[in-house]
Each structure stands twice: as C-alpha cells, then as structure tokens.
Amino acid sequence: MALTNFIPAVYAASTLTALDTALAYGSAGVTNRDYEGDVSEFGGSVVINTVADPTVEAYTAYTDMVGGNAATSPQTMLIDQKRAWSLNIDDVDRAQARDDADFVSKVSQKAAHLLAKTADAYIAAQMAAAVTPGAEVTLSTPEAAYDLLVDMRTDLSEQDVPVDGRWVVVTPAFHGLLLKDPRFVSSGDAQGGLTRSSGVVGQAAGFTVLESNQAPAGPGAGAGRLILAGHALATTYADQVSKVEAIRHPKQFVDVLRGLHVYGAKVVKPEALAARDVVIG
C-alpha cells in the first residue's frame, strides 16, 4: 500500500511551518528573515550589503556640507548547512494507519522537531562566536537571575540597540529561577497576556524571554551555559525544506519517506547581542 496521497509541495510547506514554530534562536523576532527568498539550494550564498551611516553635521547657510559616501560593507551568508531525514514504512505496518495524509503529516512534524533542534543549536553557536560573555558567574537565587537580565539590558542600551523587540533565550534551570521572582511575567499569566509560541515563556527586564535546551556551553571552566540576549537586527537566518519525497524501495515492500533541510545564519551586527556564561548553583 503506497503513500498515494503524498503531495511533496504540500508536505514541504507543512514541514517548514512546523520547523518554524519549533525554533527558539531561529524564531521570528530573535533572528530576521530578510533574505529568506534568496535561498535556493545547498552551497549557495547571500550577499548582505550594509550601508554606511549618513553624516550628521552642523548646518551653516550658503556653506557646503561635508557629506559622506554611502559606502557598503558586504557580508556573505553561506547556505552551507544541510540535514536529511528518512523513515522506512513497511506495507504491513502501513496497513495499520487509517489515512495516508494524516500519517505523513505526523511523520513530517516529528522530523521538523528534530531538524529544528539541530538548526537552533547552529544559530546559537553563530551568536556565541560573535560575543564575549566575560567571566563565568554562578546564580542561586531568583533575584540574582533577574538582576543579571537587567545588566544585559544595560549592555544593549549602551550599544544603542532598539528597545522594542529585545529578546533573551534562557535555559530551563534559569527559567526556573525567574519563575520564583515576582518581577517576572510568566507566559499565560493573566497580567501578561502572552502567547506561548516558539519557546516564549514570559517577559522580564524589557526582554521577551524564550526557553531552550540548545544554549551553547560557556567558555568557563565550569558547567556554564550561555545566556544570549539581543535584537533581531543582529542575526539573519534563512532556510528551506528543499526536498520532501516518498519513494518505493526496490527490493522490499517498503515506502521510504525522506526530506532535506538546507539553511544558513550570519551575525551581521554583533553589537546588538549580549551574553553571560552562567552556572545555576
């Protein structure tokens, strides 16, 4: 019994949608998707032009302005990451499933979850490589956890990072401390009115707070994890589920369902990121 209802274009879109909702570091608002439409296949690249700031100067009537050239500083984002998934479905097992489309959809969603974990870890690593977290710190109280976010907020403000749209991604242990601080507005609280999606768990110190198990290891000697904060201006991300297909195994009564995910990420404004190496003790 083959997967007769399988429509590649439909399930490719379904997988990508499920992938987007499972991302934390790669979610909308944490990274920008300005160049998503430029992604084609693995091995490509996207050239990102950064225009120089205009010159601001005092004006004197009938006097030439100094002015400045709108020079560009191109950066290249490589679409050099690729992950594939596959699942073999024997006809005997397949006969137990009542609906081809529902079965394939569930498999695609599971694949998207696993792909999202890998992509999120990659994006987080790109961010981690672009910032210096300073000395490792150990936190043991809710007050200390919240105060650390206030310090990171100050870091971003001193870099003129826009206030609207700031985010921070924390570990489950860090989130556990925040939940004990009355200043933290938890997702789902009546006073917060937040929607839990793409890892969002609340608000604190001017940040939208997201939770993830993909936080990179810190550079310190302990078991620290990096708490990363910033703005979507900092990092651009683009991906594509370039292939989703079902094929018949040539020597077995088996359908093979498989897909390919290609993506890339680039930190284009590292000054819009902040980090701390944190041990929860």
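Where a number appears in this text, it was derived from the coordinates with a stated rule and is not lab data. Every value quoted in this text rests on a predicted model; they were computed, and no experiment measured them. With ideal geometry, Cβ positions are generated from the backbone for all residues, glycine too; neighbour counts draw on all protein chains shown.
Extension gain, A144-T132: 0.36 nm per intervening residue step, less the Cα-Cα distance, totals 2.3 nm.
Sequence-ordered 3J(HN,Hα) estimates for region 75-87 from the Karplus curve with 6.51, -1.76 and 1.60 and θ = phi - 60° stand at 10, 10, 9, 8, 8, 10, 9, 9, 9, 10, 9, 8, 8 Hz, glycine and proline given as x.
Simple spin-label estimate for Y59 and K106 gives 6.7 nm between the two label positions (7 Å along the Cα-to-Cβ direction from each Cα). Extension gain for N213-A121 works out to 32.2 nm (0.36 nm per residue, less the C-alpha to C-alpha distance). What FRET efficiency, computed as 1/(1 + (r/R0)^6) with R0 = 25 Å and r the Cβ-Cβ distance, is obtained for L78 and T154, rounded to the nearest 0.05? Calculated transfer efficiency: 0.15. Taking each of K117/K251; K110/K180; K106/K251 in turn, the alpha-carbon distance tops 30 angstrom for K117/K251; K110/K180.
Length gained on full extension, N88 to H249: 57.1 nm, using 0.36 nm per residue less the C-alpha separation.
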